[in-house]
Structures are given as C-alpha cells and as structure tokens.
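What follows is a single structure, written as structure tokens, with notes after it.
Computed from the coordinates by the stated procedures, all read-outs in this text should not be read as laboratory data. Small disclaimer: the values here were computed from a predicted structure and weren't measured. Counting neighbours? That spans all protein chains shown, and the Cβs are built from the backbone with ideal geometry, glycine included.
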Amino acid sequence: MNTRRLPSRPGWVHWLLLATLALGLCSTSVSAEDDEDDDFETTWVGLRLGGWYRPAVHLEALVSGRALGLGGSLPGTRFDAESDLGVTQTVESEVFPDQVVPEAQFFFDTEWVSLSLDFTAPYRYRGRRVFQRTINFAGRSFTAGVAVDSKLEQFSAGVQLKINVFNNRVFAISPLIGARMFALDWELEASTVGGLPGGALRADTTEIDNPIQFGDFQVLPYPELGLEVKVGLRKFFEVDAKLSGFYLDFFGLRGGALNAELGATLFPIPNLGIRLAYRYQSIDFQARHSKQSSNFFEFDLNFHGPTLSLIVRF
C-alpha cells in the first residue's frame, strides 16, 4: 500500500519567517531609540541666577576732560589701575556680599534657535594711593604726593540669538549673533589740594563727551559674533565652550571686545541645573564725541574669574 508523503515546506517560507522576526526586532529597536530621543527635551524657558566670584581686574587707561576753571581741555595721563591708583582685587556689590558680582540670564531654547538676555549688576573696585607722579584725569590734575581715593564701577548687559546647527543628546553647535553693552563710572578724589587740609579735588568720567550716557554711566554698545559648543550626555551633564567678540568704529566709538567662557553643567533633575564656569572678558575702547574733541577717554580693560550659578527651566 502506497503511502503519500506530505510535501516538504518550501525553503522560502523559512526565509519569510526569519525576515519577519528580524523586522520585528529592528522595529522594536528603532522604537526604543525614538523613545529615548523623545525623552531628550530641546525646548525650555528658564532663568540662570548666580555670581562671578572676585573677577580679577587689569586696567590701563587715560581720561581727558575740560580743565578746571579754564575753557580748554586737559590731556589725560595714561595710568595703571593697580600700580598707579592702588586698586585692589576686592569686589564690592550692593546686591551680594563683597567678592561676588551678581548676574542673571533669561533664556528661551528651541530645537533650532535659542534666545537669551543677561545682566550683570553694578560692581566696583576701590583703591587708595599717594601718587608718585602727577596724573591728569577727566580735566583735573592730581599732583605727586597727594593721597587719592579711586572708585571703578561698571555693569554690563546683552542679548544673544543662537542658531542650533546641531542639537541632539550628545552635542550642540551654535553660531551666535548678539548685541552687548558695557557701562562704566570711574572716579578719583583727593582729600587735600596742594597739600593743604580741608581742600578737595574730585573728577569722574560723568563729564566726558561719550556719545551714549545712562545716568552717571558712560555706555559702550557693541555687536557680537561667535560660536558655542556643548558636549556630553546632555540630559544629565554637559561641557560647554563659548567664544564671541567684535570690532567697531562708528559714532565716536572705536575698539573691540572679546568674551570667552568654559563651563560644565550638572542636571540632577531635568528642571534644575548647577553650572560652574570660568570667564575671560577683554574690552579695548576709545570714545570721543567727535574726532576734533579732546574730551575723551580710552582704555584697555580685562576681567577673569570663576562663576557659579543655578539654572531653573520649564
């Protein structure tokens, strides 16, 4: 009796089953990766509050101005803030304890663009020195042998727009464009004039013919171009580096500025971050109302020091 054999299952069925299984595994893997990508947020509204700890200051400048009791002007004498004025590295602020410069930043981040506004509260350095030589400052002449008190006060603010060319879980690269302003109010005061007690001589930058003023502050605005890079497991930790600057020559202002910052941020929870950074800022300007004006100032100034801040975002 002949027994009919069932035909063997064709080989292509086996391959079809294997392909279906492989496709299922790939789909699961891609879905998990997409979920992980979706878990990394790129859109935030937030605030960074912190302090710039005791930024070291180095200043060389001259300030010319209207001569006291005369119709003309008195050419300024170039001086060094530390060696000539006795300015120390102790920082004073009306908001935070001494040695800390308070600062704040508001930011709005999306996947493709980021906008930020930042402000550094006014801070000042002081010095006291018996002058070893005569120094002309803002139209006043402080002679050798006179004890002079100095006050250097300033603040800054800026707005930046970053274009996020890359912005993912691991790294971000963002060219930036912005505008920044640096404001200063510097003052010298001698308690005696010509060595006689009871006299006083005071001069400050308020009377200089700078094109832009805000109260007692001389304001120096300038544009910014730069680049920022962020690297890390950015949901939890990232290292960032930013470099920006510009040079300008218009409206009686001539000079440039450079800002560099290297920092690291830890996010213990998604809405809260702690950032530690080191900042270097260099500003080199000459300001006069017109080319013919002899009532002007010029300076080469730089600050550098660490910052610590708290980031809250939603």
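Taking 8 Å as the Cα distance limit and 6 or more residues as the minimum spacing, I'd like the relative contact order of segment 40-313 as a percentage.
On the way: 816 pairs, mean separation 53.0, N = 274.
Across segment 40-313, relative contact order equals 19 percent.
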(request) Taking 7 Å along the Cα-to-C-beta vector as the label spot, tell me the Ala144-Phe119 distance in nanometres, rounded to one decimal. (result) 4.7 nm
(message) Normalised by the empirical 2.2 N^0.38 Å for globular proteins, what value does the Cα Rg of segment 40-313 take?
(response) 1.14
(request) For Lys162, list the aspartates and glutamates whose Cα falls under 15 Å from its own Cα; do not include residues on the same chain fewer than 8 positions away. (result) Asp109, Glu111, Asp118, Glu224, Glu228, Asp240
